[in-house]
Amino acid sequence: MNILVINCGSSSLKFQLIDMTTEAVQAKGLCERIGIDGSRIVYTPAGGEKMTIESPMPTHTEAIKLVLDCLTNAEYGVIKSLKEINAVGHRVVHGGEKFASSTIITDEVIKVIEECNELAPLHNPANLIGINVCRELMPGVPMVGVFDTAFHQTMPKKAYLYGLPIKAYTDYKIRRYGFHGTSHSFVSKRVAEFLGKPVEDLKTIVCHLGNGASICAVDGGKSVDTSMGFTPLAGLVMGTRSGDIDPAILEYYANKEGLTLSEVTTVLNKKSGMEGLTGGKSDFRDLEEGYEAGDQACVDAIEVFCYNVARFVGAYAASLNGVDVIAFTAGIGENSGFVRGKICEYLGYLGITIDAEQNSKRGEDIIISTPDSKVTVCVIPTNEELMIARDTKALVEAQ
C-alpha cells in the first residue's frame, strides 16, 4: 500500500509518499511560497538527488498538481500513475472535542473540521484546502484526517479545564486542547518499542523541542497532560512564542505600547520567545553560538528555555506520580546535546545522571542516561509523517 501524506500550511505544503509494506519513504518534498511570487517545489525521490523546481503556484490546487506530477514524472518520479496511490493521510491541526482519533474523511467530517476553523484560523482552513483539492484530483481514493489534538483527548477534566467561568467551556469550548499530538503519540510508542517494554507499563514525559515546543505526560500510552493549551501559544517559551504569561500583562502592555488586543497577540506569537529575548535570534544554532561567545542575551534566553522545560518536566513527574522515561525529540531535542544537558542539570532530584559521550550524539534512537540513572533519558527522532501513514493504513484496511 502506497500512502501519500499531506501537510498543508497557509503558504506551504509538505509531503511524503510512503510504501507501507516496508514503511520506506519513496519520495518527499516541500512546496514553498504558495500564492506568493517565487514559489517552488523542493523534491527528493528515494535514492535520487534533491531538486528544486521553480513554478507558479497561485493556490494549493497548483501545488498539489505539481506534487502529483513529480511523483509520476517519467524521469524522476517514483510511481507510474496516480492509481498507485492507495490512500492519502492529511494532517489536520484542530479537531476540537469532536475527534479523539484519526478518521476517514467524509462530507460530514469536513463540516465538523470547518466548525473547528475558529479554534485554529491559521491552520485548519489550509488543511481543508489540501483535503478538498486531493478529493478533486484523486476521486475515489480514501482520505484520512489525522488530528494534532486527538492524542490529548484522553486528558482528564482536571488537566484540561481552565479556572474561568464554566460557561467559557460549556458555551465556547475554551479548554486545554494541546498540540503536537501526532509527534507525542509516535514518540511515546517508539520509546517503548526501543526499550523493549510494553507502552502500557511506562510513565513517559515527551519533550518535543523545536521552534514550536511542547511537553506531554504520557501514562500507559495515553496523554494525561500537555503544556500547550487552547492554542499552541501556551506552555514553554519557544522560538517566537512567549509561552505562559500572566494574562494581566496583555492589557498593561497594550496600554503602554498603544496596541490593540489583536496586535498584542501577534507580538506574543511572532515577536516573543527566543527572538524577543535576544532581539532577533530564534534559531538555536545561532543562540548556542552566542551563548559560547558570551552574548548575554543568548545566555539569558537559553537559560530561560532550559529552566522552563525542566520546570514542566518536574510538574509532569508529579502529575504521573513518578516517571520511567524522559524522551527528547524534534529539531532541538534530537540535535542539541548542549540543551539536553542543561535541562537535565535540573533533574538530579529524580536520580538522573547523563552520559556525556552518549549525549553528544544526535538524530538517532539513543539512551543518554547512565546505566545507574533512576530514570531512563532517551533521544527519539519523531516521525509524524509515518504516524499519519500508519493511522491511514489501519483505517483504510478496516473499512
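Which whole-number percent gives the relative contact order of the chain, counting Cα pairs below 8 Å spaced six or more residues apart? Show your work: numbers first, answer last.
Values: 815 pairs, mean separation 54.9, N = 399.
Worked out over the chain, it gives 14 percent.
Quick one: net charge of R91's neighbours, Cβ under 12 Å, K/R +1, D/E -1?
Numbers: positive: K14; negative: D148, E384, E385, D391.
Here the charged neighbours net out to -3.
Averaging over every viewing direction, what projected area does the convex hull of the Cα atoms of the range 224-376 cover, in nm²?
Working: hull surface 40.5 nm².
Convex hull of Cα atoms, orientation-averaged projection: 10.1 nm².
How big is the range 1-86 along each principal axis, measuring the range of its Cα positions in Å and listing the largest first?
Principal extents (Cα only, largest first): 38, 23, 18 Å.
What are the residues whose amide H is under 5 Å from the amide H of C378, where those residues sit 5 or more places off or on another chain and H is modelled from the backbone?
I326, A327, F328, I368
Can you figure out the FRET efficiency of T154 with I249, using R₀ = 25 Å and their beta-carbon distance, to the nearest 0.05? Numbers along the way, then the final one.
Details: r = 32 Å, r/R0 = 1.27.
Using R0 = 25 Å, I get an efficiency of 0.20.
Mean shadow of the chain, computed from the convex hull of its alpha carbons, in nm²?
Values: hull surface 84.7 nm².
Over all viewing directions, the chain projects a mean Cα-hull area of 21.2 nm².
Roll a 1.4 Å probe over the protein chains and send me the accessible area per residue for the chain in Å². Numbers along the way, then the final one.
Numbers: 18110 Å² over 399 residues.
Here the residues of the chain average 45 Å² of exposed surface.
For R285 and E23, what does the FRET efficiency come to when R0 = 51 Å and r is the distance between their Cβ atoms, rounded to the nearest 0.05?
Numbers: r = 30 Å, r/R0 = 0.59.
Computed FRET efficiency for R285 and E23 comes out at 0.95.
Shape of the range 92-174 from its Cα gyration tensor (a ≥ b ≥ c, root eigenvalues): rounded if a/c is under 1.5, otherwise prolate when a/b > b/c, or oblate?
Details: a/c = 2.95, a/b = 2.11, b/c = 1.40.
Since a/c reaches 1.5 and a/b is larger than b/c, the shape of the range 92-174 is classed as prolate.
With a 1.4 Å probe and every protein chain left in place, tell me how much accessible area M155 has, in Å² to the nearest 10.
10
Between T370 and K80, what is the spin-label point distance in nm, taking each point 7 Å from the Cα along the Cα→C-beta axis?
About 6.0 nm separates the two model spin labels.
May I ask you to list the GluC sites (Glu not before Pro) in the range 81-122 that are in a DSSP loop and have at most 16 other Cβ atoms within 10 Å of their Cβ?
Details: sites: E84, E97, E108, E114, E115, E118; in loops: E97.
Sites meeting the loop and neighbour criteria: E97.
Can you give the net charge of the other residues whose Cβ lies under 10 Å from the Cβ of M20, counting K and R as +1 and D and E as -1? Intermediate results must be reported in sequence, preceding the final value.
Details: positive: R390, K393; negative: D19, E23, E397.
Its environment carries a net charge of -1.
Just by accessible area at a 1.4 angstrom probe, what is the order of F151, F15 from largest to smallest? Can you show the working numbers first?
Numbers: F151 30, F15 5 Å².
In descending accessible area the options line up as F151, F15.
Quick one: longest stretch of the chain between exposed loop trypsin sites (Lys or Arg not before Pro), exposed meaning at most 10 other C-beta atoms within 10 Å and loop per DSSP? Numbers along the way, then the final one.
Numbers: sites that count: K50, K80.
That would be 81-399.
The values are calculated or read from the model by the stated rules, or taken from the named source; none is laboratory data. All figures in this text were calculated on a predicted structure; none of them were measured in a lab. For neighbour counting, all protein chains shown are included, and Cβ atoms are generated from backbone atoms with ideal geometry for every residue, glycine included. In case anyone asks, the SASA skips ligands and DNA or RNA and just uses the protein heavy atoms, side chains included. Shrake-Rupley method; radii C 1.70, N 1.55, O 1.52, S 1.80 Å.
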